[in-house]
Every structure is written in C-alpha cells, then in structure tokens.
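Notes to accompany the following structure.
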Amino acid sequence: MLVMKAHVAILVMKLTLETPTIKQSLFARESCDLIGEEDYGVSVNFNHNVFLVDLVNETAGRVLKIDSITTGEPWKNANVLIFNTWHWWFHSGKIQAWDYIEEEGKLVKDMDRMVAIQKGLTTWSKWIDSNINPNTTSVFYQGISPTHFTGAKWGEANENCKGQTEPVSGSTYPGGPLPGVSLVKDVLSKMSTPVDLLDVTTLSQLRKDGHPSVYVGAGQTGLDCSHWCLAGVPDTWNQLLYASFVLNSNGKE
C-alpha cells in the first residue's frame with residue numbers, strides 16, 4: 001500500500017494497535033518511508049510528493065513541471081494507492097516550494113494557482129490511466145483537507161481555530177464548499193481508471209476544533225489551523241477508507 005502524508009501516521013498507528021504482537025520494520029528509502037508488517041507480508045509506503053507532478057532543481061532554480069511525472073515508479077507495484085494534493089499549490093513567499101512553473105518546456109514565474117493545480121491533476125490522471133492496472137491496483141483519492149484560519153467562514157468573525165472546543169453545529173458548513181472540490185471531481189470523472197474519492201472535505205470543515213492551534217512546536221508562538229491532532233479527524237478518514245475496502249472488495253491480490 002502506498003499512501004500520501006495525510007493518512008500515513010494515523011493509519012500506521014491503527015495497524016500497530018490492532019496487531020501489537022506482530023513484527024515490524026521501519027526504514028527510509030529515497031522519498032519513501034516503509035513500514036513493514038513482517039508477519040502478514042504487508043507494507044505501507046509514504047511517498048512524499050506533495051504536488052504529484054515533478055519538482056526538480058535546475059540551473060534556473062526549483063522548477064515545478066506541471067506536465068511531467070517521472071517519479072511514479074514506486075506507484076506501479078502497489079496493490080492500493082491513496083493520493084492527495086492541495087495546500088502546497090497555494091503557498092507563496094518564503095514557503096513557496098518552487099521558483100518557476102514549467103509547461104511544455106516554457107518557464108513562467110507564476111500562474112493562477114487553480115489553473116496550475118488543474119493542470120497538475122490532469123497530468124496525474126493521465127499517468128494513472130496509462131500506468132495502473134485497475135485489475136490489480138485499487139486507486140483512492142483523498143479529498144481536500146480544509147483549514148480553519150478564518151472564523152468568519154463559520155460565523156465567528158475575528159476567530160480562528162485557537163480555543164475551539166466544539167465542531168460547527170449541523171451538517172452544512174456556513175462558508176460553503178471549497179472551490180477545489182468540484183475541480184477534483186471533474187478531473188476524476190474524466191479518467192478511464194476507476195478512482196474512489198474519499199470525500200472528507202465537508203466533514204472536516206465542520207471540525208474547527210480539530211487542529212493543534214498554538215499547541216505545536218516550542219511554546220505558543222505559532223498557530224497551526226491546517227494540520228490535525230492525532231488521534232482526531234484523520235481517524236474518521238481511515239474509517240471511510242476501511243469502509244471503502246470492504247464495499248469494493250473484489251478478490252484483488
């Protein structure tokens with residue numbers, strides 16, 4: 001099984017808690033951390049590729065190649081693949097991961113970020129359709145994980161995730177859906193390879209109380225309203241993943 005960052009920590013925790021006596025191994029290999037369940041012949045690989053497409057160092061600088069995937073070889077051998085990407089596309093300033101965006105050999109300093117992620121996801125979708133056999137590999141896409149920096153979106157102006165102890169009431173998020181939700185669904189709908197969408201966005205939007213807020217790092221000088229406390233909201237994501245395994249089980253090995 002090869003997963004992206006948002007799932008791996010809590011997924012491995014659950015595997016360890018459910019089977020505490022089995023032998024395990026943990027080691028790093030290039031961009032993958034591998035957790036091997038030796039008694040069951042299962043491994044969970046974390047592939048740290050936050051854009052899914054290529055990010056390379058070249059003479060010009062760090063180049064995000066939105067029409068290229070050359071790092072997908074580890075994906076081909078997995079029985080289960082779980083992908084996601086979102087937040088990193090919208091970073092700017094010092095935390096922006098690239099200096100240039102490249103498409104069809106042409107470099108630009110920037111482009112509309114929604115356009116960029118749509119192009120990047122389309123490149124990923126075409127790679128999956130060309131390289132993954134759905135008879136042997138199940139593909140999942142984890143929906144967008146929301147942030148809670150702006151309280152006005154849930155009716156609490158001038159607030160954020162700090163000090164939140166209750167979810168948003170009801171089953172509808174006052175701020176409405178994230179624009180990327182329809183983008184993801186549109187890309188997935190055009191694929192020939194079946195991809196199960198783990199649609200976690202709305203349920204996670206309601207959990208304004210689920211972030212570490214100031215309780216991260218040394219002291220209380222920062223504010224983290226994007227990552228999630230563990231245990232916490234990602235446990236629900238993995239319950240949905242497990243339910244999908246059960247519902248879609250078709251004897252793949």
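The Cα atoms of the stretch 78-119 cover 38, 26, 16 Å along the three principal axes, with the biggest extent listed first.
Computed from backbone phi, the HN-Hα couplings of the stretch 136-150 come to 10, 10, 8, 10, 10, 10, 7, x, 5, 8, x, 10, 9, 8, 10 Hz, rounded to whole numbers (Karplus: 6.51 cos²θ - 1.76 cosθ + 1.60, θ = phi - 60°; Gly and Pro given as x).
Between residue 87 and residue 59, residue separation times 0.36 nm minus the direct Cα-Cα distance comes to 7.5 nm.
For a distance above 23 Å, tell me the whole-number percent of Cα pairs in the stretch 98-208 that qualify. Roughly 47 percent, rounded to a whole number. Distance between the pseudo-spin-label points of residue 214 and residue 131 (7 Å out from Cα toward the beta carbon): 4.5 nm.
Each label point was placed 7 Å from the Cα along the Cα-to-Cβ direction; for residue 150 and residue 235 their separation is 3.1 nm. Checking the cross-link pairs 94/190; 76/119; 119/153; 76/208; 153/185; 76/162 against a 32 Å limit on the alpha carbon distance flags 94/190; 76/208; 76/162 as lying beyond it. Rounded to the nearest 20, the size of the Cβ-charge dipole of the stretch 109-153 about its Cα centre is 120 debye, with Lys and Arg at +1 and Asp and Glu at -1.
For the stretch 86-97, backbone phi angles converted through the Karplus equation (6.51, -1.76, 1.60; θ = phi - 60°) give residue-by-residue couplings of 5, 3, 4, 5, 10, 5, 9, x, 5, 9, 5, 8 Hz, Gly and Pro being listed as x. Full extension of the chain between residue 199 and residue 67 gives 45.0 nm of extra length, using 0.36 nm per residue less the Cα-Cα distance.
On full extension, the segment bounded by residue 114 and residue 243 gains 43.4 nm, given 0.36 nm per residue less the C-alpha separation.
No value in this document is a laboratory result; all are computed from the given coordinates. Keep in mind the model is a prediction, meaning the values are calculated, not measured. Backbone-built Cβ (ideal geometry, glycine too); neighbour counts: all protein chains shown.
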